[in-house]
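Notes follow the structure.
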Amino acid sequence: MSFMFDLYVERPGWAHRVDPRVKILFVLVGVISMILFSNLFFMLAALITIQLLIGSAGVPRDRFAWVWKTMLSINFLIPLLWTIFYPEGDILFQFWILKFTPLALVRGLGVVARLDSIAFICFLWLFTTDQTSIVRSLVKIGMPFEWGLVLAISLRYVPTFYGLYVVVSEAQQARALDLTKGNFFQKLKSYMPILVAMIISALRTADKLARALESRALGVEGVERTYLHDIRFSRQDYVFSAVLLFIFCVAIVLHVLGVFTHPLYLIS
Amino acid sequence: MSGELAEISIRDLHYSYPPLTAQGGPVSVLRGIDLEVERGEFVSIMGPTGVGKTTLCLALNGIVPQSMGGIFGGDVIVGGLNTKEHPVSKLASKVGIVFQDPESQFFNMTVENEVAFGPESLGIAPAEIRERLAWALDVVGMSDFRDRSPFHLSGGQKQRVAIASILAMKPDILVLDEPTSGLDPIGKFEVFRVVQELKRREQITIIMVEQEAEKIAEFSDRVVVMHEGKIVMVDGPSVIFSQVDLMHEIGLGVTQVSDLAARFNARSGTNYTFTLFEDAYDTLSQNTDRRTATDFSHPAIDGATCERKSASLESSNLQSPISNLPPPVIQVRDLWYQYTDDIVALRGVSLDVKDGDFVAVIGQNGSGKTTLVKHFNGLHKPTKGQVIVDGRDVSDLPVGELARTVGYVFQNPDYQIFCATTREEIAFGPRNLGLEGDELEERVEEALAYFGLTEYADSPPAVLGFGTRRKISVAAVYSMRPRVFVLDEPTTGLDWKSTMDLMRVIRAMNEMGHTIILVTHDMKLVCEFARSSLVLRDGQVLTYDDTRTVFKHSEILKDTQIEPPQITKLAKRMVPFGMSDDVLTVDEFHTVYVGRRRG
């Protein structure tokens, strides 16, 4: 999957224009709200809403499909395990020592809807914010620039090191290294040539990278770093933030009142 | 030259790297360098692999010694700043370095952010960064790529972005450390065009480390030749390249026309100095009467004559026609290979590799060269079609089994090197094939001796120089005694002598009966060593014939951007003066030219 390491989709969507800091706030408010409630209908409504939000932001269908595919096994396993291990209320039918109860199924489905919603909330952020903006926003919030750079570089080198792994293992196999033979420990041992060659290459790369960073004037003393694209709150961003904070307050109040906290009923 | 005016002033520079191993001492690299470079000058640096060219470049912006440690003596003054007294990050605005490997110079997700990174570090105002960005991308011709990811560009484009990201810091001095050594012909062409543009348009001092003599001759005001940590010659390219023997002794190549001049001077008592293509053409065409020439030009050198002529030359094995060779060791039938749904690397390739042949595989990056040859040892399995190696279908065979028949040397030696000693490294392959005891030891000793590596037998290969690591990686495959050797760009990053040494060993292996498949971008090597040439374009075979025929009809290579060697082009241009149009080497040119004149 080519977009596994960089989820960003270049689109002229509304969510792309929102300040990345607002999107971080959105993720925080969204995730906390999802944790505060456990009503299945609320969860499903939230899941549909977030899907609509992502769709309206212009994220293509294959990204949705990818998220759903990633979540698929969890979506089946959780309701199944929940009904098996947490039977609750009336028994629908019994098989050996396993009791299937509707309430447990509802709870399981609620958890699935919650996890899916949280996943899509995070993906809305990652699909519509490029790595530079993510790092820039984190730095703006107070993270040191060097940390942000480290984060960006680590993200950037994931595919490089994966590529390195592929080519090094091919190179060693070409010298008749057999990676399939023997038990677990023998197999582990046969990966040593790949690991060592990779570490040596990675160290060389790190060395080159350090030289390149220095040559690009990183860390000049007494100079404050400027930014070509500095992120700035627009009026729209203030509105969005206000709305998010309002939603957050409402969520807290509802939680305290016990609304949407029962898996099936409006009030516990 | 007055020291006051000099942009760069290096005085008695000595430098040793910190020890590489716990037992070792400091590694002395630069041993007394003195050099002054004036503002706006274009100076090229040549020297054998490991002589300290990169170290000298790094000394110009203070990375040596500030980040590398080691023992530093003497002074380097750039734009009035002593590199010992100012931090690297500050010197970066005076001296910009573009490194050999474009991949490891990028840390941003878009071209725009990449180019802006330097100016941002320098605290330049955003409005000015925008101006610099537009200018720098314009100079390198990458303005249309602002929003693209630098990692998804071609090699040449990447290196152009790397140049732009240095230019955006507006340095007074631009250092290019072998900027094209890892690139394919198109990439090289693109980068050199940018260098030419910079020389023409901008008042910038340029220091370029390069192995390609033809390009050095074209661009440089002066050439610095380094040997054993010292500068042994500094002069204009025509003076430097006229000293062919001395250059070869140091281990460096010259332009093919300079080589030709030396051959004329030695054998025909002339006094030629050719530095550029035009020098040779003007002189030689004036010396040849076009009218007389036509008398002997029409029996346009037939195959047989040519064969006889070259039989006495060094490259004697060139001419045997393919049909005389034994049956094929590799058969490829309608081979298709698809990486993903939309990336089809090979589209219906069919060919035979004759046993004992020496085949060069050429084409741009992305033309399918590596994908094709990876089928020969089973690293790739056909999506469609068939690959038969030594009578067996590769689809059914594991890589480890095919390794007995097909040895594969990867482009970067560091992909293969992992052992604590060179001896163990070379023993790894044969041991995997089941060899042990005396037989194994014998093989290893033989390989060590064959590649001249005996003195490094007990050293850790990872800390040896690049040229030695390259030899080790070839020796490690040689010790497996495969019938077929696949070598993927084995000469990248090597100097002239190391290249020639390696190629001679490869030719000797071929003469011992091994089939050689050489993937390369170096057409001089193809013309000098390969019997057959396979040209790929967009995953298809463009042409596959004996090398002489391929280069005789080099017009079909035109849209692959593969340029024939300088000497082949010179011969073609001189066809109206009686030259043959299928000359491949300097020796051949000289022989044919002299033969023609004698009539």
Length-normalised contact order of chain A in % [C-alpha pairs under 8 Å, at least 6 apart]: 31 percent
Kirkwood hydrodynamic radius of the stretch A:52-145, from inverse mean 1/r over distinct Cα pairs, in Å: 16.0 Å
Distance histogram for the stretch A:85-130 (every C-alpha pair counted, 5 angstrom bins, percent rounded to whole numbers): 5, 20, 17, 13, 11, 9, 9, 7, 6, 3, 1
Other protein chain Cβ atoms within 10 Å, averaged over every residue that makes up B:402-411: 3
The stretch B:404-514: relative contact order in percent, alpha carbon pairs under 8 Å with at least 6 residues between: 42 percent
Count of lysine pairs in the stretch B:8-247 with Cα separation under 16 Å (8 or more residues apart, or interchain): 8
Stretch gain in nm, segment residue A:255-residue A:225, where the contour uses 0.36 nm per residue and the Cα spacing is subtracted: 6.4 nm
Gyration tensor over alpha-carbon atoms, the stretch B:108-202, equivalent ellipsoid semi-axes in Å: 21, 15, 11
Separation of the residue A:246 and residue A:64 label points, Cα + 7 Å toward Cβ, nm: 2.8 nm
Inter-label distance for residue A:98 and residue A:233, nm, one decimal - labels placed 7 Å from Cα along Cα-to-Cβ: 5.3 nm
Nitroxide proxy distance, nm - points 7 Å out along Cα→Cβ at residue A:161 and residue B:268: 6.1 nm
Stretchable slack from residue A:71 to residue A:31, in nm (0.36 nm times residue separation minus alpha-carbon distance): 12.7 nm
Estimated vicinal HN-Hα couplings, Hz - the stretch B:376-387 in sequence order (Karplus 6.51, -1.76, 1.60; Gly, Pro = x): 5, 10, x, 5, 10, 10, x, 6, 8, x, 9, 10
Those GluC sites (Glu not before Pro) in the stretch B:418-484 that DSSP places in a loop and that have at most 13 other beta carbons within 10 Å: B:436
Taking N as its residue count, the alpha carbon Rg of the stretch B:8-247 over 2.2 N^0.38 Å: 1.00
Ordering of A:99-108, A:250-259, B:41-50 by packing [mean C-beta count within 10 Å, highest first]: B:41-50, A:99-108, A:250-259
Inter-chain shielding of B:96-107 (mean C-beta neighbours from other protein chains, 10 Å cut-off): 5
Taking B:86, B:590 and counting other C-beta atoms within 10 Å, the order from fewest to most: B:86, B:590
Convex hull of Cα atoms in chain B, direction-averaged projection (nm²): 29.0 nm²
Residues residue B:39 and residue B:193, FRET efficiency given R0 of 25 Å [Cβ-Cβ distance, rounded to 0.05]: 0.60
Whichever lysines have a C-alpha closer than 26 Å to that of residue A:23, once near sequence neighbours (fewer than 8 apart) are set aside: A:69, A:140
Paired Rg and Dmax values of the protein assembly as shown, which use every Cα atom, in angstrom: 32.0, 111
Average partner coverage of A:200-212, which counts Cβ from other chains inside 10 Å: 5
Hydrodynamic radius by Kirkwood, which averages 1/r over all alpha carbon pairs of the stretch B:410-481, in angstrom: 11.7 Å
Listed peptides B:511-524, A:149-162 by packing density, highest first (mean Cβ within 10 Å): B:511-524, A:149-162
Helix-only [θ]222 nm of the protein assembly as shown, DSSP H runs n ≥ 4, -39500 (n - 2.57) each, per residue, nearest 500: -15000 deg cm²/dmol
Rg(Cα) / (2.2 N^0.38 Å) computed for chain A, rounded to two decimals: 1.32
Residue-count net charge about residue B:82 - beta-carbon cut-off 11 Å; Lys, Arg +1, Asp, Glu -1: 0
D_trans [Stokes-Einstein, Kirkwood Rh over alpha-carbon pairs] for the stretch A:117-164, 4 °C, 1.567 mPa s, µm² s⁻¹: 109 µm²/s
Mean Cβ count within 10 Å, highest first, over the residues of peptides B:23-31, B:219-227, B:460-468: B:219-227, B:460-468, B:23-31
Chain B, relative contact order [Cα under 8 Å, separation at least 6], %: 14 percent
When the stretch A:144-199 is reduced to its Cα atoms, the Kirkwood hydrodynamic radius in Å: 13.0 Å
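Here, each number is a calculation from the coordinates, and none is a lab measurement. The shown structure was predicted, so the numbers you read here are calculated from the model rather than taken from an experiment. Note: ideal-geometry Cβ built from the backbone for every residue, glycine included; neighbour counts use all protein chains shown.
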